[in-house]
Each structure stands twice: as C-alpha cells, then as structure tokens.
Amino acid sequence: MRLSVIGCGYLGAVHAAAMASIGHEVVGIDVDAAKIASLSKGEAPFFEPGLQEILTSGIASGKLRFTTDMSAAKGAKVHFIAVGTPQRRDGYAADLTYVHAAVDGLLPHLSDGDIVAGKSTVPVGTAADLATRITSTGATLVWNPEFLREGWAVKDTIDPDRLVAGVPAGPEGERAADFLREVYHPSVAKGTPFIVTDYATAELVKVAANAFLATKISFINAMAEIAEVTGADVTQLADAIGHDARIGRRFLGAGIGFGGGCLPKDIRAFSARAEELGRGESVAFLREMDEINMRRRDRAVQLVVDALGGSVFQKKVTVLGAAFKPHSDDIRDSPALDVAVRLHGLGASMTVTDPAAIENARRVHPQLTYVEDRDEALRDADAVIVVTEWDEYRRQLTPEHAASLTSGRVIVDGRNCLDADAWRAAGWHYAGMGRP
Ligand code: UGA
C-alpha cells in the first residue's frame, strides 16, 4: 500500500522505515531539510538500534523515500501524522502547533477515500476537532497511537504488543479500521490485539499508558524515599512485590527517575487537559508523581555531596551516562544530565561520558566537559556517579578496574544497577538510591 508519514523524528522516521520493511511504499515528509537529506542518504539522524539497517534496505529497494515536499503525499492511501507535541513554553499543556501545521499542509493533497492516521500524542478531544476539516476532503481520520519505546522502536513498530484504532462511528469507521488492519498485516496475521475504539478512547489509551508507567516508577521511588529513612532496601522490596503477577517487576526500577521526550511532558499535558475538562482532581496524583520524580535528582546530588564530605567544590566528578536511558542518544529531559548540571552548579568539575549521547549533550550543556572514552573519563575522578545504566557501566566496569583509574573511591549508583557488595568489597564507598 502507498503510505505517507508526516514528521520524521523519532516516531515518524522509524515508522516510515518500518512500514517499508513490511512491504509498503512509503514517503516520509518533514520540514527539516537537514534531517531529510540525512534520511535520504540512508543515514539515521539519531541513534536507534536496527534503524540504520531498515533505512538502508528500504531506500535500496525503492520502497522508501524522504522529501520536504508535502505534495509527495498525494496518491498515498494512508497518511500518518507523526509530528511532535512538546510541552508548551508557557505551561504544562501540549503544544499542537506541529499537528495543525501538518494537517494544514496535508489537506490540499488528500483525495476522496484517503485515511489520515494520527499517531502523535495529543490531548483528548484533538481528533474530534481535526476530523471536521479532514472529512471535508472526503478522507477519514483515525487515531492510531504509538507505544514504541526508544531503544526498541524498530521492534515495537514492526511487532507491537497491541494496536489501537480510534475511528468514527458507522461504516466509514469500519472501513478505516480495515485499512489499518491491512497496513499492519503481519501483526494482525499473528494475532496481535487490534482494538477498535472511538477517538477519545484511543487518545486516552496513550496518555493513560504513559501515566501508569510514570506512576509505577514514581511509586517505587516513593518507596525508595521511605527505605532511605528506615534502612530498608528498595531493590529487594521491588523484587518481592514484583513476584506478584498483579504488580509485576518491570518499571519498578528505583533510581534518579524518568525523563525523555514522552513520560514527563505527557503526564503534564494530561493534568493540564484534565483541568481544562473540569476534572483536574482525577489526575491530581500525577503532579505528585512528577514531584517525587524530580526529588530523586536532588537526592542523587545530595549523595555525591555527602560522600565527598559535604562539598563538591573543585572536586572531580565523573558522570557515567547522559542519555535519558540506555540504547538511546536522546537527552530530552534527561535526569542524568540534570544531575550533572546541578553538580556543576555546586562547583564540581564535571566530566560526562556516554556511548551515544555526547554530541547531543554538548550542544545543550556546553559548560560540562565531555570525554568519549569511558576509562579516560574516569581518570583521576574523586567520585563517580552512574546515571544511565548502559552495559558499559553496569556489566563491563569492574570496581577493580575503576579503582585503577580514579583517585577517589566514591561511587553513587543513580540507577541501582551495580552490585553494591562487590563495589564495597573492593574498597569503594557505595551509595545507591533507597539501598542501605
Ligand atoms: C515511553 C513509553 O514506555 C512508551 O510505551 C511510549 O510509546 C513512549 O514513552 C512515548 O510516549 O513515545 P520511552 O520514553 O522511550 O517510552 O522510555 P521508557 O522506556 O518508558 O523510559 C522512560 C524513563 O523511565 C527513562 O528515563 C527510564 O530510565 C525511566 N525508568 C524506566 C525508570 O526510572 N525506572 C524503570 O523501572 C523504568
């Protein structure tokens, strides 16, 4: 099937390449000429495992192309809207400028019977607003939220754990859902749940899922705060409650909390929208989750300060990690970098290393020192803090090897990803998040 994908960021570029990899003929469209130039050469403009391969093969097969020209959408049967919806500068609500611009740009190129599939994360009610304009061209709007995780984006797009289609009532909606079934034919054929809803439910499924994940992380981080004043161990606690299948161990990793381009802004936009709807109190707990999350960054900073005797002034601190999570070069709202910047503000001399995110981090925080090589970064450090649990730090760095490079023996484990006993046995002062 011929498809167009409007917006070629993390979501759209992966979606376009993934759809080509399952046999569709896809054009990816974006206003950013530099991004389009790089994608057209088969170069992924960001780090995402597996993306490079499907980009290269898609372009080589002729099934995938990229352009800045919106008229290239003409002739496609399904048009995906995959632009960003960042937090507004003036508050918590989502900024829908790019969604409206994408729809404005697309309208003149729509034909009768086309499907427009919204993938961007939007406040509930957006699809209903957009539908009138889209329907006037003879096209049908469906809302088809995306649940991909960065670092697993290719796999999550090609083989998602569920598909959701918010459609208008009646035969038009059924026809639109059938089009999406055809688009996602390999998943549908293998029995992946395909849930057809109305617009509002589809929009809410997305924000509810992210709100739940954020709440789960902040819940365990709240337990970490209690563990800190009682001497309990939050990782054992998480293991123990996680054995209960109703709770589950995933997303119970206590540490410096969640960041990235989705969870933080999505829970804020959700509260803002609930307030607009007169139901602010229903999700008031999300503000609390946000606060717990931000407090964990303070705690990590405090652990470094305490371990260095009450002041980090002129101390050399090495930060292992900059990305908001491993397998990503994304530094949007990265707790890792926030901790580094705060320590820098306290007068520490900061060296940051990361296997993928250094370039992005340097652009946004040029005041920090960046060193690509992990061992070089560790050299002569008074203290080390792990803030992104890449395997290079979690599995491959032994306390003995680290000790051969650093001058101090202080390690703060901001992700509770190290073997505390092993580091202590090797003579290190180890401090975790909610661990004795
Ligand atoms: C998140 C959701 O997981 C996806 O399902 C969703 O599609 C996506 O947002 C989106 O809305 O686009 P992502 O932002 O890629 O995906 O990252 P996650 O894997 O959810 O991690 C978010 C943050 O939580 C990271 O900073 C991670 O380090 C942190 N985290 C995760 C914890 O602190 N503890 C955990 O146990 C798990």
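The values are calculated or read from the model by the stated rules, or taken from the named source; none is laboratory data. Values in this document were obtained by computation on a predicted structure and should not be read as measured data. Positions of Cβ are generated from backbone atoms using ideal geometry, with glycine treated the same way; all protein chains shown enter the neighbour counts. For the accessible areas, the whole protein counts, side chains as well, though only heavy atoms, and no ligand, DNA or RNA atoms are used. Shrake-Rupley method; radii C 1.70, N 1.55, O 1.52, S 1.80 Å.
Among the residues in the stretch 69-84, are any assigned to a helix (DSSP H, G or I), under 26 Å from the mean Cα position of the chain (by Cα) and within 21 Å of Glu276 (Cβ to Cβ)?
Going residue by residue through the stretch 69-84, those that are assigned to a helix (DSSP H, G or I) are 70-73.
Filter once more, keeping what is under 26 Å from the mean Cα position of the chain (by Cα): none.
Scanning the stretch 69-84, I find no residue that is assigned to a helix (DSSP H, G or I), under 26 Å from the mean Cα position of the chain (by Cα) and within 21 Å of Glu276 (Cβ to Cβ), so the answer is no.
Please enumerate the residues belonging to the stretch 366-393 that are buried (at least 19 other Cβ atoms within 10 Å of the Cβ) and either within 16 Å of the ligand (Cβ to nearest atom) or in contact (Cβ under 8 Å) with a residue 60 or more places away in the chain (or both). Write out each step before concluding.
Of all residues in the stretch 366-393, those buried (at least 19 other Cβ atoms within 10 Å of the Cβ) come to 368, 370, 374, 377-378, 381-390, 393.
Leu378, Ala381, Asp382, Ala383, Val384, Ile385, Val386, Val387, Thr388, Glu389, Trp390, Tyr393 - these are the residues of the stretch 366-393 that are buried (at least 19 other Cβ atoms within 10 Å of the Cβ) and either within 16 Å of the ligand (Cβ to nearest atom) or in contact (Cβ under 8 Å) with a residue 60 or more places away in the chain (or both).
Restricting the search to the stretch 147-159, which residues are of a type outside the set (A, V, I, L, M) and within 6 Å of the ligand (Cβ to nearest atom)?
To start, the set of residues in the stretch 147-159 that are of a type outside the set (A, V, I, L, M) comprises 147, 149-152, 155-157, 159.
Across the stretch 147-159, the qualifying residues are Phe147, Arg149, Glu150.
Looking at the stretch 246-253, is at least one residue more than 8 Å from the ligand (Cβ to nearest atom), within 24 Å of Arg435 (Cβ to Cβ), open to solvent by 50 Å² or more (accessible area, probe 1.4 Å) and of a type outside the set (D, E, K, R)?
Narrowing the stretch 246-253 to residues more than 8 Å from the ligand (Cβ to nearest atom): 246-249.
Now drop any that are not within 24 Å of Arg435 (Cβ to Cβ), which leaves 247-249.
Pick out the ones that are also open to solvent by 50 Å² or more (accessible area, probe 1.4 Å) and you get 247, 249.
Add one more test, that the residue is of a type outside the set (D, E, K, R), and what stays is 247.
For the stretch 246-253, residues more than 8 Å from the ligand (Cβ to nearest atom), within 24 Å of Arg435 (Cβ to Cβ), open to solvent by 50 Å² or more (accessible area, probe 1.4 Å) and of a type outside the set (D, E, K, R): present.
One residue is enough: does the stretch 206-219 have a residue meeting the conditions away from the ligand (no atom under 11 Å from the Cβ), among the hydroxyl-bearing types (Ser, Thr, Tyr) and out of contact with any helix residue (DSSP H, G or I) (no Cβ under 8 Å at 6 or more places or on another chain)?
Looking through the stretch 206-219, none of the residues is away from the ligand (no atom under 11 Å from the Cβ), among the hydroxyl-bearing types (Ser, Thr, Tyr) and out of contact with any helix residue (DSSP H, G or I) (no Cβ under 8 Å at 6 or more places or on another chain).
Can you report the number of residues in the stretch 1-34 which are surrounded by 21 or more Cβ atoms within 10 Å (Cβ to Cβ) and charged (D, E, K, R)?
Here is the first cut: in the stretch 1-34, the residues surrounded by 21 or more Cβ atoms within 10 Å (Cβ to Cβ) are 3-8, 10-21, 24, 26-30.
From what is left, the residues that are charged (D, E, K, R) are 30.
Total meeting the criteria: 1.
Just one of Ala361, Ala381 is in a loop (DSSP other than H, G, I, E, B), touching a strand residue (DSSP E or B) at 6+ places or on another chain (Cβ under 8 Å) and not hydroxyl-bearing (Ser, Thr, Tyr); which is it?
Result of the check over Ala361, Ala381: Ala381.
Here is a list: Asp333, Asp329. Which entry is open to solvent by 10 Å² or more (accessible area, probe 1.4 Å), within 16 Å of the ligand (Cβ to nearest atom) and at positive phi? So that I can check it myself, show each step before the final result.
Working: Asp329 fails: at positive phi.
None of the others qualify; the one that does is Asp333.
For Met294, work out the one condition from (1) touching a residue at least 40 places away in the same chain (Cβ under 8 Å); (2) out of contact with any Ser or Thr (no Cβ under 6 Å at 6 or more places or on another chain); (3) in a helix (DSSP H, G or I) it doesn't fulfil.
(1)
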